[in-house]
Protein chains: 2
Amino acid sequence: MQVLVLNSGSSSLKFQLFSMPDTRILCSGIIERIGFEDAIFKFKTNKDTIEVVESIPNHKVGLQMVSKQLLDKDTGIIKSADAIDIVGHRVVHGGKHFSNTTEITANVKAKIKALSSLAPLHNPANLEGIEVAEAIFPKAKQVAVFDTAFHQSIPEHAYKYAIPNEYSDMHNIRLYGFHGTSHKYVSEKAIEYLDKAHSKIITIHLGNGCSMTAIKDGKSIDHSLGFSPVNGLIMGTRSGDVDPSIIFHMAERFNLSLSEINTIIQKKSGMLGLTGHSDMREIQAKADNGDKNAQLALDMNAYRIKKYIGSYAAILNGLDAIVFTAGIGENSVDMRRRVCSELNYLGIVLDEDKNKVRPDKLTDVSAETSIVKVLIIPTNEELEIAKQSVELFKN
Amino acid sequence: MQVLVLNSGSSSLKFQLFSMPDTRILCSGIIERIGFEDAIFKFKTNKDTIEVVESIPNHKVGLQMVSKQLLDKDTGIIKSADAIDIVGHRVVHGGKHFSNTTEITANVKAKIKALSSLAPLHNPANLEGIEVAEAIFPKAKQVAVFDTAFHQSIPEHAYKYAIPNEYSDMHNIRLYGFHGTSHKYVSEKAIEYLDKAHSKIITIHLGNGCSMTAIKDGKSIDHSLGFSPVNGLIMGTRSGDVDPSIIFHMAERFNLSLSEINTIIQKKSGMLGLTGHSDMREIQAKADNGDKNAQLALDMNAYRIKKYIGSYAAILNGLDAIVFTAGIGENSVDMRRRVCSELNYLGIVLDEDKNKVRPDKLTDVSAETSIVKVLIIPTNEELEIAKQSVELFKN
Ligand SMILES: Nc1ncnc2c1ncn2[C@@H]1O[C@H](COP(=O)(O)OP(=O)(O)O)[C@@H](O)[C@H]1O
Ligand SMILES: Nc1ncnc2c1ncn2[C@@H]1O[C@H](COP(=O)(O)OP(=O)(O)O)[C@@H](O)[C@H]1O
């Protein structure tokens, strides 16, 4: 069975073709700068790597290029578009409607569209990807896997904000949570490794976006991203937690419009606002060269993660494992060391030598004395989407 | 020595006269609804209680009434205005200038005034109180005790927000912290009780405003109120932590102005927004009668406090005591029970029987098995202001 996984952003389209159930990757790639003259099309199989720069006006043209490439007589992978059995779509916002992976119907599309007010940058792009895929792969089953779905198990006392009920209950202003596919994927691997009937886990996803989840017996019970993906940890360009009064103060004091402040909080804050760089590798290099700003930014970043670890250890009232994942979590020896330092009161002790890895599979880097397992687990959201898509049609 | 402590709000003036160093209260009182025809003047000595309703147009007239009453031949306390040695003023915002109690000079007043942009409701009222007191008690020394001062020991990685440096460093947008006088007062009592050279304490001030402080060796190292007194815990009418994106969403979706949203977040949220009541006694009564909203609000409130306890236990990497104080902290048996339930992983176990108190002095309510002391310590901000004011002139 062949499953195409699509992750459609506002100006990009990532894709990966899996042979299932053996989870072999047949090809993968990305289209960037959709809508521009110099869009970039990258396509990779086990044999070839193709890169083309040309005008790609919209997602439809982009996905047609993917399809054409898949079908190419020389470098292609499949014989006909009908060879694709399932297209699994990453959809960012499922609101409170979707707590599971769902086959896409007209009704599901209408709901994804209606949720655009909660995810104005993401849901319309996801929907675009769905409609283009329906046209190009008409025989395939279309499936939506929601970033928010895993967090639908969060209880009301945790997802509700202390604002007037008319806004929260009647207008759906609440914590939704994101990165659910990643947190679910790595937590399941961790639970398998722990091999316990009951488990208390904190998953720490540190990529360009960063988030943490408190997971009890496999279910998300709290999460650091909230109503939007700006809350919580310090990210590449997003502020994470800030006192909300700052927004009122900035508007008044600097005469900024709300949309200007929103842009500052979402695109010019976080590590970028603190250091001038959003890429962790550059920040780490500067810090190593003695740059004080970069060092402070790393301190702040790790400090915030520590606070969330403590907070989730409290509500879980116990802890079996913490899991580092995504670009920074999997690769930054330094960030893991910072986060785990002086947390022995919570039972967390890192083995500094074992930690010196960038593993491609689950790796236990806890010290012998650690009560809590410290794990690195490479995430794979595309594979998780493929798996869930196949799972849906099992019965 | 006689020390008059003044706490001057936008439409109120609280006062307390101490005999020092014996800390005897000679009289106390409050003026409410300043600026209205039906302002209320309350004055209490050991012998008399006086209550008058009349027009009090401004703070000056109010403080003159206090002075007249103090000097009254029959019900008064002092012979001449010069009998007051020190007037200690509560000042809300000391910015980054003041990390200690300070004698008030023209320069200090200018700084308090300049800080009004950070505390528009409080600092102008505090300054008004200072200037009126200078006129009425010209022989007395005038002292400012800042709500923010105790938190000036918070390190940069904790007080800085992950917004662009131009706003944080150049325009002083950072965590300041509040309720410092209360946190300092109760933490000193706790440290005395613990009798340890090094101590790790979390103080939990639950009044109309609510806040928590992580205190290491007597110094504040982190705090839940931030740039403004709206962050952190769920309060009587303030939201505490919310995803900042909610503000942008509310403005766009409901066509609300920023000042309307600010009012919602500050005055219509918190327990009021969740239950229709801001007074904890009414909410607790409703919850006891089975009201689901009230029960949820109490759950949310306690849950948020638990999360901060965990977060501070993490950054302290240890915990000797948690301290409950202020109206709710001292009196609500139920809230303390909720907060401490299922926190044994952090070493916190409450003795449910001992907890059934509303003590007027430090009371240890930890279970025998508790590694962490659970303490109730009545706060006394006025006494702390009087003490610090006297201390200032010791040498
Ligand atoms: N060796 C490394 N050391 C530190 N950070 C790394 C390393 N490799 C990648 N990263 C960081 O990972 C982040 C991107 O993570 P990723 O999970 O790919 O992001 P996304 O959220 O876009 O999926 C970047 O900040 C990058 O600098
Ligand atoms: N017996 C009680 N049980 C529960 N809450 C109480 C009790 N007594 C007072 N409170 C609460 O304490 C809060 C006021 O605390 P206080 O410290 O006086 O406030 P402020 O911040 O104005 O100084 C109110 O919410 C009130 O309901």
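Quick one: grab the alpha carbon gyration tensor of chain B, order the square roots of its eigenvalues as a ≥ b ≥ c, and give me rounded if a/c is under 1.5, else prolate or oblate depending on whether a/b is larger than b/c.
Rounded shape, in that the Cα axes give a/c under 1.5.
What net charge do the residues around residue B:389 carry, taking every other residue with its C-beta under 13 Å from that of residue B:389, with Lys and Arg at +1 and Asp and Glu at -1?
Spelling it out: positives minus negatives among the neighbours equals -2.
Too long at a 27 Å Cα-Cα cut-off: which of A:113/A:189; B:200/B:306; A:14/A:361; A:200/B:307; A:111/B:267?
A:113/A:189; A:111/B:267
Taking R0 as 56 Å, what FRET efficiency do you get between residue B:357 and residue A:282 from their Cβ-Cβ distance, rounded to the nearest 0.05?
The computed FRET efficiency comes out at 0.50.
Mind listing the long-range amide H neighbours of residue A:373? Cut-off is under 5 Å, sequence gap 5 or more, other chains count too, H placed in the peptide plane at 1.01 Å from N.
A:321, A:322
Return one number: the angle in degrees, 0 to 90 and rounded to the nearest 10, between the long axis of the Cα atoms of helix B:245-254 and the longest principal axis of the Cα atoms of chain B.
80
Could you sort the peptides B:337-347, B:311-321 by per-residue average Cβ neighbour count (10 Å cutoff), highest mean leading?
The packing order, highest mean first, is B:311-321, B:337-347.
What net charge do the residues around residue B:340 carry, taking every other residue with its C-beta under 10 Å from that of residue B:340, with Lys and Arg at +1 and Asp and Glu at -1?
In short, +1.
Nm distances between the label at residue B:51 and the same-position labels in the remaining copies, 7 Å along Cα→Cβ, shortest first?
8.1
Output ³J(HN,Hα) for the stretch A:162-169: one whole-Hz value per residue in order, computed from phi by the Karplus curve 6.51 cos²θ - 1.76 cosθ + 1.60 with θ = phi - 60°, and x for Gly and Pro.
Ordered by residue, 3J(HN,Hα) equals 8, 10, x, 3, 4, 7, 6, 6 Hz.
Other chains' Cβ within 10 Å of A:233-240 residues: what's the mean?
Per residue, the number of nearby Cβ atoms from other chains is 2 on average.
Probe radius 1.4 Å, ligands and nucleic acids left out: can you give me the accessible area buried at the A-B interface, summed over both chains, in Å² to the nearest hundred?
Protein heavy atoms only, the A-B interface buries about 6300 Å².
Report, to the nearest whole %, how much of the accessible area of the stretch A:1-144 belongs to carbon and sulfur atoms, 1.4 Å probe, protein only.
The C+S portion of the solvent-accessible surface of the stretch A:1-144 is 50 percent.
Cα axis of helix A:258-267 to longest principal axis of chain A: angle in degrees, 0 to 90, nearest 10?
90
Roughly what angle does helix B:381-392 make with the longest principal axis of chain B, taking Cα atoms, 0 to 90 degrees, to the nearest 10?
Between the helix axis and the principal axis of chain B, the angle is about 60 degrees.
Need one number: nm distance between label points at residue A:260 and residue B:391, each 7 Å from Cα along Cα→Cβ, rounded to one decimal.
Between residue A:260 and residue B:391, the label points sit 4.4 nm apart.
Restrict the search to the stretch B:343-378; then list the trypsin sites (Lys or Arg not before Pro) that DSSP places in a loop and that have at most 16 other Cβ atoms within 10 Å of their Cβ.
B:354, B:356, B:361
Shielding of A:262-273 by partners, i.e. mean partner chain Cβ atoms within 10 Å per residue?
Other-chain Cβ atoms within 10 Å of each residue's Cβ, averaged: 4.
I'd like the FRET efficiency for residue A:103 and residue B:267, computed as 1/(1 + (r/R0)^6) with the beta carbon distance as r and R0 of 41 Å, rounded to 0.05.
0.30
Quick one: accessible area per residue over the stretch B:2-146, 1.4 Å probe, rounded to a whole number of Å²?
With all protein chains present, the stretch B:2-146 gives 46 Å² per residue.
For the protein assembly as shown, just say rounded, prolate or oblate: build the C-alpha gyration tensor, square-root its eigenvalues into a ≥ b ≥ c, call rounded for a/c under 1.5, and beyond that prolate if a/b exceeds b/c, oblate if not.
prolate
Tell me which residues come under 5 Å, amide H to amide H, from residue A:223 once H is placed; ignore anything under 5 positions away on its chain.
Correct list: A:214.
Is the shape of the stretch B:209-297 best called rounded, prolate or oblate, per the rule: a/c under 1.5 gives rounded, else a/b larger than b/c gives prolate, else oblate, with a ≥ b ≥ c the square roots of the Cα gyration tensor eigenvalues?
oblate
Along Cα-to-Cβ, 7 Å out, sits the label point; list in nm, shortest first, how far the one on residue B:360 is from those in the other copies.
7.4
Take the Cβ-Cβ distance between residue A:371 and residue A:96 as r, set R0 to 30 Å, and report the resulting FRET efficiency rounded to the nearest 0.05.
0.25
Can you list, shortest first in nanometers, how far residue A:285 lies from the same residue in the other copies, with each label 7 Å from Cα toward Cβ?
In ascending order, 6.7 nm.
For chain B, modelled as a Gaussian network with Cα springs under 10 Å, which listed residue fluctuates most, B:142, B:16, B:284?
B:284
I'd like the accessible area for residue A:191, computed on protein heavy atoms only with a 1.4 Å probe and all protein chains in place. Round to 10 Å², please.
40
Below 8 Å, C-alpha to C-alpha, sequence gap of six or more: please give me the relative contact order for the stretch B:344-392 in percent.
Computed over the stretch B:344-392, the figure is 33 percent.
If a paramagnetic tag sat 7 Å from the Cα of residue B:333 along the Cα-Cβ line, which residues of the stretch B:355-385 would have the backbone N under 19 Å from that point?
Only B:355-368, B:374-378 fall inside the zone, counting backbone N under 19 Å.
Residues with amide H under 5 Å of residue B:91's amide H, sequence separation 5 or more or different chain, H placed in the peptide plane at 1.01 Å from N; which?
Excluding prolines and chain starts, which carry no amide H, the hits are B:145, B:146, B:147.
Accessible area per residue, 1.4 Å probe, Å², for the stretch A:196-381: what's the number?
36
In whole Hz, with x marking every Gly and Pro, tabulate ³J(HN,Hα) for the stretch A:173-184 from phi via Karplus 6.51 cos²θ - 1.76 cosθ + 1.60, θ = phi - 60°.
Each residue of the stretch A:173-184 in turn: 8, 7, 6, 9, x, 9, 6, x, 4, 5, 4, 5 Hz.
Restricting to chain B, compute how many DSSP beta bridges are antiparallel as a %, nearest 5.
Roughly 70 percent of the beta bridges in chain B run antiparallel, per DSSP.
Over chain A, what relative contact order in percent results from Cα pairs under 8 Å that are six or more residues apart?
Normalised by residue count, the contact order of chain A is 13 percent.
With a 1.4 Å probe and all protein chains left in place, how much of the accessible area of the stretch A:196-381 comes from carbon and sulfur atoms, in whole percent?
Carbon with sulfur: 45 percent of the solvent-accessible area.
With θ set to phi - 60° and the Karplus curve 6.51 cos²θ - 1.76 cosθ + 1.60, what are the ³J(HN,Hα) couplings of the stretch B:124-136 in order, to the nearest whole Hz, using x for Gly and Pro?
Per-residue couplings from phi come out as x, 5, 4, 5, 3, x, 5, 5, 5, 5, 4, 6, 7 Hz.
Kindly identify residues of the stretch B:277-303 having a loss of at least 40 Å² in accessible area between the isolated chain and the assembly of all protein chains, probe radius 1.4 Å.
Correct list: B:296, B:300, B:303.
The values are calculated or read from the model by the stated rules, or taken from the named source; none is laboratory data. Everything numeric in this text was worked out from a predicted model, so none of it was measured. Quick reminder, even Gly has a Cβ in these numbers, built from the backbone with ideal geometry, and neighbours come from all protein chains shown. For the accessible areas, the whole protein counts, side chains as well, though only heavy atoms, and no ligand, DNA or RNA atoms are used. Shrake-Rupley method; radii C 1.70, N 1.55, O 1.52, S 1.80 Å.
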